[in-house]
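Since the structure comes first, as structure tokens, the remarks are kept for the end.
The values are calculated or read from the model by the stated rules, or taken from the named source; none is laboratory data. Bear in mind the structure is a predicted one, so any value in this text is a computation, not a measurement. Neighbour counts are summed over all protein chains in view; Cβ atoms, including those assigned to glycine, are modelled from backbone coordinates with ideal geometry.
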Amino acid sequence: MKRFIMSDRWYLEESKAWFTSTIENILFEVELAANEARCLSKVPEEEDIFRKNPICFKHDDSIYCLPDRGKKIWRYYLSDNRWESIDCWVQEEKRLSVRYLKLGGDNYALMNVGKRDVAILDGRRGEILDTIHVSPNEDEALGWYFCKDGLIWWISQSSPNVYLIDIASGKVERRHLGIDGTGYCTISYGNGNVWVSGREKRIYKLDEELNLQETYELSDGFGTYHFCEKTDILLDCEMKDPNMPAFIESVSVGGKIWFVPLYTNQLVYIDTEDGSLGTFDIDYEEEDATSAYYRIMCGKYMATYVRDNRYLVLFSIKNEWLIEIDTLEMDYRILDMTVDYDGLRECCEELFLSEFYCECKDFTVKDYFCQLQNPRYKFQADLRNGMIR
């Protein structure tokens, strides 16, 4: 089982896929049948490249790379290997965390979490057509969303509300959830119901009018890992941290809603037909004090892609490999992906010895390459600081 380039949010089209690497901010192309990834080009961001443009999508001959910690949209032309930038947001320190939804024709909705707005992008022309301002409250944090019948449902983490955004008219309506409290993070739609999770050990089922239908209580053994910390408590089953969502997102696939752990220890799903809740176990994903501390990024998984409304692929942050879950057979396999390391080195030769910041520690790109190809390699920054012996 091979380690793979850290990445999330691949874009799939027939036999190929594209993604931007989390660490190096490099655009890759994947031959899905051969499970081979090759480097196309480095996104032209010069400093602090960690999670600068980690989400991408393809439109015609172009790949759009969206900013998370970055400030610009970057467009890559496959035909002549050329980059151009699209400056559509004020340059400020706030993290943007831009995601996207495909609309009709050439248009895309760019969900800007940091700015609390939706920009409408013309993918053919590479222009922002309009911007819909969702919330005027600068302190409001927004979570995940789904789109149904031309309406985007975007959940608030700061209040028990959902914003309904009409793309055609640009109108925004705020609706109250049928539950109290704050801190709700994920929202999905499945089988006529809305599914919500937050910072508690609960999942909520609501109807389309947002009336509470059922509350699911998670097990006593469900808890939060203390990743990247030196602590005597590995797993906190009390989950009293008010700032820690239970799940990083929820994904509707194969007739189930899958709740992907952020810092928590269980991959949870709910069958939308019979309403049953279950957990899905994956070998070698258990954490101990060493694995919880010694990792390239805090967190458990990143959702990578969904294929054929059946296969859910996650990136394991612990093991740095791709896990493909068959949501119908309820089985999984580790994808045996290969990487063109020579092309990767060539793409970021100027960064090879430069340090970069990630959520745990400072590393060099060379550290990351060596550790990816040799699990026993120790990061030089940790050796210097006495973190690893």
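For segment 7-27, give me each residue that is surrounded by 21 or more Cβ atoms within 10 Å (Cβ to Cβ), over 13 Å from Tyr305 (Cβ atoms) and out of contact with any Cys (no Cβ under 6 Å at 6 or more places or on another chain).
Ser21, Thr22, Ile23, Asn25, Leu27
State all residues of segment 161-183 that are surrounded by 20 or more Cβ atoms within 10 Å (Cβ to Cβ) and in contact with a Phe, Trp or Tyr (Cβ under 8 Å, 6 or more places away or on another chain); if no residue qualifies, say none.
Once the filter is applied, which keeps residues that are surrounded by 20 or more Cβ atoms within 10 Å (Cβ to Cβ) and in contact with a Phe, Trp or Tyr (Cβ under 8 Å, 6 or more places away or on another chain), segment 161-183 yields Val162, Tyr163, Ile165, Leu177.
Residues of segment 102-136 being part of a loop (DSSP other than H, G, I, E, B) and of a type in the set (S, T, N, Q), which ones? Break it down stepwise before answering.
The initial filter retains those residues of segment 102-136 that are part of a loop (DSSP other than H, G, I, E, B), namely 103-106, 113-116, 123-126, 134-136.
Scanning segment 102-136 gives a single hit, Ser135.
For Leu40, state whether it is in a strand (DSSP E or B), among the hydrophobic types (A, V, I, L, M, F, W, C) and more than 21 Å from the chain's Cα centre (by Cα).
On the way: in a strand (DSSP E or B): yes; among the hydrophobic types (A, V, I, L, M, F, W, C): yes; more than 21 Å from the chain's Cα centre (by Cα): yes.
Against the criterion (in a strand (DSSP E or B), among the hydrophobic types (A, V, I, L, M, F, W, C) and more than 21 Å from the chain's Cα centre (by Cα)), Leu40 qualifies.
Yes/no per residue for (1) of a type in the set (A, V, I, L, M); (2) at positive phi; (3) in a loop (DSSP other than H, G, I, E, B); (4) touching a residue at least 60 places away in the same chain (Cβ under 8 Å):
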{"residue": "Lys2", "(1), (2), (3), (4)": "no, no, yes, yes"}
{"residue": "Leu12", "(1), (2), (3), (4)": "yes, no, no, yes"}
{"residue": "Ile23", "(1), (2), (3), (4)": "yes, no, yes, yes"}
{"residue": "Ala33", "(1), (2), (3), (4)": "yes, no, yes, no"}
{"residue": "Lys52", "(1), (2), (3), (4)": "no, no, yes, no"}
{"residue": "Cys65", "(1), (2), (3), (4)": "no, no, no, no"}
{"residue": "Arg69", "(1), (2), (3), (4)": "no, no, yes, no"}
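Can you name the residue in segment 256-276 that is in contact with a Pro (Cβ under 9 Å, 6 or more places away or on another chain) and not hydroxyl-bearing (Ser, Thr, Tyr) and, of all such residues, is surrounded by the fewest Cβ atoms within 10 Å (Cβ to Cβ)?
By that ranking, first place goes to Leu262.
Of the residues that sit in segment 216-244 and are assigned to a strand (DSSP E or B) and touching a residue at least 24 places away in the same chain (Cβ under 8 Å), which one is surrounded by the most Cβ atoms within 10 Å (Cβ to Cβ)? Explain how you work it out, then say what you get.
Narrowing segment 216-244 to residues assigned to a strand (DSSP E or B): 216-217, 224-225, 235-236.
This time we only want the ones that are touching a residue at least 24 places away in the same chain (Cβ under 8 Å), so: 216, 224-225, 235.
On the way: Tyr216: 17, Thr224: 25, Tyr225: 23, Leu235: 17.
Filtering segment 216-244 for residues that are assigned to a strand (DSSP E or B) and touching a residue at least 24 places away in the same chain (Cβ under 8 Å), the one surrounded by the most Cβ atoms within 10 Å (Cβ to Cβ) comes out as Thr224.
Quick check on this structure: which one of Gly150, Gly126 is among the small types (Gly, Ala, Ser), in contact (Cβ under 8 Å) with a residue 40 or more places away in the chain and out of contact with any Cys (no Cβ under 7 Å at 6 or more places or on another chain)? Step through it out loud before you land on a result.
Numbers: Gly150 fails: in contact (Cβ under 8 Å) with a residue 40 or more places away in the chain.
Result: Gly126 is the single residue among Gly150, Gly126 that is among the small types (Gly, Ala, Ser), in contact (Cβ under 8 Å) with a residue 40 or more places away in the chain and out of contact with any Cys (no Cβ under 7 Å at 6 or more places or on another chain).
Are any of the residues in segment 167-184 at pLDDT 95 or above and aromatic (Phe, Trp, Tyr)?
So far as segment 167-184 goes, no, none of its residues is at pLDDT 95 or above and aromatic (Phe, Trp, Tyr).
What residue, among those in segment 277-319 that are touching a Leu at 6+ places or on another chain (Cβ under 8 Å) and within 23 Å of Thr231 (Cβ to Cβ), is surrounded by the most Cβ atoms within 10 Å (Cβ to Cβ)?
Applying the filter and picking the extreme gives Lys300.
Tell me the residue from Val118, Val134, Val113 that is in contact with an Asp or Glu (Cβ under 6 Å, 6 or more places away or on another chain), within 21 Å of Ser156 (Cβ to Cβ) and of a type in the set (A, V, I, L, M), please. Explain how you work it out, then say what you get.
Working: Val118 fails: in contact with an Asp or Glu (Cβ under 6 Å, 6 or more places away or on another chain); Val113 fails: in contact with an Asp or Glu (Cβ under 6 Å, 6 or more places away or on another chain).
The unique qualifying residue is Val134.
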